[in-house]
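Below is one structure, written out as structure tokens; the observations come after it.
Coordinate-derived values only; no laboratory data. Remember, it's a predicted structure, so these values are computed and weren't measured experimentally. Don't worry about glycine lacking a Cβ; one is built from the backbone with ideal geometry, like all the others, and counts go over all protein chains shown.
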Amino acid sequence: MPSPSRASRTKESAIRFLWFFCAIFAVVVIFFILLFLLYDGLPLFIQEGLLNVLAGSVWNPTGTPPQYGILPMIAGTLLVMLGAMAMAVPLGIGSAVYIAELAPARVKAVAKPAIELLAGIPSVVYGFFGLIVLTDWIRVTFDVPSGESWLAGSILLGIMSLPTIISVSEDAITSVPREYREGSLAVGATRWQTISRVIVPSAISGITAAVILGMGRAIGETMAVLMVTGNAAVIPDPLWNVLSPVRTLTGTLGIEMGEVAIGSAHYHALFGVAVVLLVITLLVNLAANLILARIRERNAPGATNCTASPGRLNEKRPLLSGLDPLKPYLLIGVLSLAGLPLAGIPGYLVSALALFGLYRLKERISPRVAQKIAFSLLFAATVAVIAILAIILFDIVSKGLPALTWEFLTEPPRNLGRAGGIFPALVGTLYLVAGAIAIALPLGIGAAIYLTEYTREGRLTGTIRTGTDLLNGTPSIVFGLFGFAFLVLYLGFGVSLIAGQITLALMVLPTIIRTTEEALKNVPQSLREGSLALGATRWQTISRVVIPPAVPGIVTGAILSIGRAAGETAPILFTAVVFSQRFLPSSIFEPVMALPYHLYILATNVPGADANKYATALVLLILVVLIYSVAIWIRTHSQKTIRW
């Protein structure tokens, strides 16, 4: 076989360097985000002291003297997140177990797309539904002046966290070796005993990672909590008063950043809040990544994985064996905490007594009866998740469809959006998405090619993947602040289309990298080896042999990124959008209208626009649902047609 020419080697080296640049870009972006946030946020901590900022109980940056205590916002963020997890964890894990282990093929074919559709609903649509429907239900049910509260935020974030928890948990449960199930059933265990004592314990690491990722989703959400929590920077009194208004870290940034004087102490204080938010979310996502990395190591070929296998069910670790008799009571004590928000200490005691009674009853009923009860609860959890989706869709479709006319789609808004249409907002959204994908797609594909084809697993690869994962877990409002500080102010782009496109591109870049990487990994190694054996260069092999069969996966990642970019509000809040504009932008350095921001302003600032609110929400929902449906169809079609 002739050796490659010098020109060929030079070309290969240049291509390799290009893909390396794409791969390292995610790490560089994380560094720049941290740099600019610290640069603008550090004056707050220097002036006030880190402890005073974190432990201060009053946030009044415009007062005399100003006060910068962010403890109420940290407490609000954590309380809303804990309430969301109290709802999402049992529903999510129950649904994941049902879909993975019990659901018939036809039910699974409906449930999985429905849950993916739940993930695709834009956060501003959730916030709109929460503001119009959920808060009104809370106000009437609990007879309070306003339903905007900690409870509303927790319910909404719980719903938004469900798809993440269900999807990751289901993957973890499905990956449990088939031998575990067969071995447990062979020794006489019922199906429920097999699930509860073998399968779930074996998948507990993945389920834990799912919960942590759900927590990260809840902590980083901006628009939904901003619209339904009341935004009062107070700590609930008593602490379990779930009907108290609260304010989160993300909500503070969303409310105040648009009206602050650039360079003022208040401006630096908000960037300090962003630093705290980013640190919290990075820690949460690092924890999830570490757990998932251990799962991958444990499931790697040749690894010994005996966790909760049938032959080891009764083994006890010496350090923990003494706690075994107490485990049910410790679990009862933890689960009873759910009663605190509803009725305080009496609610906790009632919950504890009820759970203790159920535990004692469980010991007296037969395994077959216990299985029927458990399966009924798992089915009910899945039905509840699908019912939530149906309620949201029915409310928006039934009220938005009558106002959805051709004139609404083709005319500019009039009378502050109460009349006219959404044409500039619709086209502006398409402009933002098209520009974001044009920037992110080549960078993401190039990074994935380098990680998959040009390097082995090692420290550099791990660093790049960690940077990508951290970029993926960064709250969308932090991208917005970075875009504002770097693109709008430092580079002088101003509030413009190009600033919004770059900000959205950075946000969707990790999705493209990970989906493309998985698509390339699915191409059999034998195809690469055969091509190289015939004398093809590395790049010829990649471009002509590896990439073509991976195209469906790459396209799926791109479409999912389009859907996410189309539905985001926080990243473009300070970088790209204006509320009312009769004409389309004539330059990339002009601001644009966008559907998510238009809906947010209509819902929160324009009374008397109910018809247009619902019609705007419906158009945005249809746009994103169509995008996600195409991605699901491509994935399903490629799974059926590609056979190795």
| task | Would you mind computing, in nm to one decimal, how far apart the modelled labels at residue 197 and residue 629 are, each placed 7 Å from Cα along Cα→Cβ? | result | 4.6 nm
| Given 611, 165, 477, which one lies farthest toward the positive end of the charge dipole of the chain, if we put +1 on the Cβ of every Lys and Arg and -1 on the Cβ of every Asp and Glu? | 165
| task | Compute the FRET efficiency between residue 589 and residue 427 as 1/(1 + (r/R0)^6), taking r as their Cβ-Cβ distance and R0 = 22 Å, and round to the nearest 0.05. | result | 0.80
| said: Give me a comma-separated list of calculated 3J(HN,Hα) values for the stretch 184-195, in order, Karplus coefficients 6.51, -1.76, 1.60 applied at θ = phi - 60°, integers in Hz, x for any Gly or Pro. | reply: 5, 5, 5, 8, x, 6, 6, 5, 5, 4, 5, 5
| Ranked by Cβ crowding within 10 angstrom, fewest neighbours first, how are 115, 477 ordered? | 115, 477
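Of all trypsin sites (Lys or Arg not before Pro) in the stretch 363-416, which ones are in loop regions per DSSP and have a Cβ with at most 12 other Cβ atoms within 10 Å? Before the final figure, lay out each step's value.
Numbers: sites: 364, 368, 372, 399, 414; in loops: 364.
When the trypsin sites (Lys or Arg not before Pro) of the stretch 363-416 are filtered for loop state and at most 12 Cβ neighbours within 10 Å, 364 remain.
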| note | Rounded to one decimal in nm, the spacing of the 7 Å Cα→Cβ label points at residue 372 and residue 12 is 6.8 nm
| message | From zero outward in steps of 20 Å, how is the percent of C-alpha pairs of the chain spread across the bins? | response | 17, 50, 29, 4, 0
| Which residues' amide hydrogens lie under 5 Å from the amide hydrogen of residue 419, considering only partners 5 or more residues apart or on another chain, with H built in the peptide plane? | 414
| note | Taking placed amide H atoms and a strict 5 Å upper bound, the residues 5 or more places from residue 67 or on another chain that come that close are 60, 62
| What size of dipole, in debye to the nearest 20, comes out for the chain about its Cα centre when the only charges are +1 on Lys and Arg C-beta atoms and -1 on Asp and Glu C-beta atoms? | 2160 debye
| request: Please order 250, 64, 515 by the number of other Cβ within 10 Å, starting at the fewest. | output: 64, 515, 250
| field | Cα radius of gyration and Dmax for the stretch 180-220 (Å) | value | 14.3, 46
| query | Measuring from a point 7 Å past the Cα of residue 395 along Cα-to-C-beta, which residues in the stretch 156-200 have an amide N at less than 14 Å? | reply | 156-160
| task | Take 410, 248, 461 and order them by how many other Cβ atoms sit within 10 Å, fewest up front. | result | 410, 461, 248
| field | Lysine pair count for the chain [Cα-Cα under 23 Å; pairs on different chains or 8 or more apart] | value | 9
| Given R₀ = 22 Å, FRET efficiency for residue 522-residue 383 by Cβ-Cβ distance, to 0.05? | 0.05
